[in-house]
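Structure record follows, encoded as structure tokens.
Throughout, read-outs are computed from the coordinates displayed, never taken from laboratory work. Note that the structure is predicted; figures quoted are calculated from it, not measured. Heads up, the Cβs are rebuilt from the backbone with ideal geometry, glycines too, and the neighbour counts pull from every protein chain shown.
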Amino acid sequence: MSEVQGTVEFSVELHKFHNVDLFQRGYYQIRAGLKIPSRIPHRLFATIAGQTGDSSLCSTCVHENNVYSRIFQILYRNEEIILNETMNFRVHLLLDGEKVEDALNEADFQLKLDLHFTDSDQQLRDVPAIPMISSRTLCLHFHPRRGLHHHVPVMFDYFHLSVVSVTVHASLVALHQPLISFARPGKGSWLGKGSLEAGPDQSSMSLENLVFGAGYCKPTSSEGSFYVPSENCMQHAYKWHKDLCLLLLSAQRGLHSYYTLIMNEIPDLPQLKLASASQTEYKQENCFMDLGYRYRKQRICGSPRPS
């Protein structure tokens, strides 16, 4: 098969931390990380919204693609800490080019939230070594057309009774030919253990065969730029391109609809000027018309093959 690179962006905001009944006073920290199944070749990049330079480990920072919240001190029961920390996870996925939407639907994205604690001032000098005391994993039911928009209070276990309120947004933002290298799941050994192998991507089907269909024959050097694929191949390319465009436009429409809903519910929020739904439909129609025009022009005005 040949593959398509898809990009999904997740925005995660930690709003408030509420101490319900923590047993120990001291310093706490929340760490967030996105988990992607190893069976899907992927690259993950984590950033902090609005951060332009380096930051210390005691403030909000990124460490090995996990985001560390700032360290906060808890002294009293029912104490509430305002965090308001926003982080972004950008995931590049290598997807089956013939089943892009199905592959995205079946991707099992998970958000892992860990609670770390120390009561030692000295241990604050080595923030990554602060021990984890509780963990929660959220299954993110991402839909490539609708995206994901959810707000949820996450409660840690009974022995560390506390809650953090979390908002998660996600959207499909790009589909194109693979532009970066990916680590692929390696072949399992005789002990049944697998590994990740990095290296050049190997596909049993070329990009041309993916776009034009299995009946496409690569032109010889003598045919050069005069080669014109058959009508079946061009129709296959037109449909494949149309399906990818529809998927991306549906993702944009889903994000636009949610934003409009939020603006209507909370009119005091800053208003941003977005393209209207009619403009999106116009882009979609022009996209298909342009491809159809180029297809017809090539079929009618294409140069004949040299004899």
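With a simple spin-label model that places each label point 7 Å from the Cα along the Cα-to-Cβ direction, the separation between A49 and L269 comes to 1.0 nm. Full extension of the chain segment joining E231 with F23 gains 67.7 nm, where the gain is 0.36 nm per residue of separation less the Cα-Cα distance.
Give me the number: length gained by fully extending E106 to R253, i.e. 0.36 nm times residue separation minus the C-alpha to C-alpha distance, one decimal in nm.
Full extension from E106 to R253 adds 50.8 nm.
Quick one: grab the alpha carbon gyration tensor of the range 107-165, order the square roots of its eigenvalues as a ≥ b ≥ c, and give me rounded if a/c is under 1.5, else prolate or oblate depending on whether a/b is larger than b/c. Prolate shape, in that a/c is at least 1.5 and a/b is the bigger ratio.
Relative to the present Cα-Cα distance, how much length would full extension add between M155 and V62 at 0.36 nm per residue of separation?
Contour length minus the Cα-Cα distance gives 31.2 nm.
For a paramagnetic label modelled on I82 (point 7 Å from Cα along Cα→Cβ), amide N atoms under 14 Å away belong, within the range 1-39, to 15-17. Residues whose amide H lies under 5 Å from that of G97, counting only those 5 or more places away or on a different chain, are S2, E3, V4; hydrogens are built 1.01 Å from N in the peptide plane.
Here the Debye sum runs over all C-alpha atoms of the range 50-182 as equal scatterers in vacuum, and log10 of I(q)/I(0) at q = 0.15 Å⁻¹ comes out as -0.91. Looking only at the range 2-37, which residues have a backbone nitrogen under 19 Å from a spot 7 Å from the Cα of R136 in the C-beta direction? Label zone hits: 11-24, 28-35.
Applied to the range 136-153, the Karplus parametrisation 6.51 cos²θ - 1.76 cosθ + 1.60 on θ = phi - 60° returns per-residue 3J(HN,Hα) values of 9, 10, 9, 7, 9, 7, 7, 10, x, 8, 8, x, 8, 9, 8, 10, 8, x Hz, with x for Gly and Pro. For the range 110-123, 3J(HN,Hα) computed residue by residue from phi via the Karplus equation (6.51, -1.76, 1.60; θ = phi - 60°) reads 9, 10, 9, 10, 10, 9, 10, 8, 8, 10, 10, 5, 5, 5 Hz, glycine and proline entered as x. List the residues whose amide H sits under 5 Å from the amide H of A174, counting only those 5 or more places along or on another chain, with H placed 1.01 Å from N in the peptide plane. Here T7 satisfy the definition. Take the Cβ atoms of S38 and T167, set R0 to 30 Å, and the FRET efficiency comes out at 0.65.
Near H18, once Lys and Arg are set to +1 and Asp and Glu to -1 for all other residues with Cβ below 10 Å from its Cβ, the sum equals -1. Residues whose amide H comes within less than 5 Å of that of G26, counting only those at least five positions distant or on another chain, are I74 (H built at 1.01 Å from N in the peptide plane).
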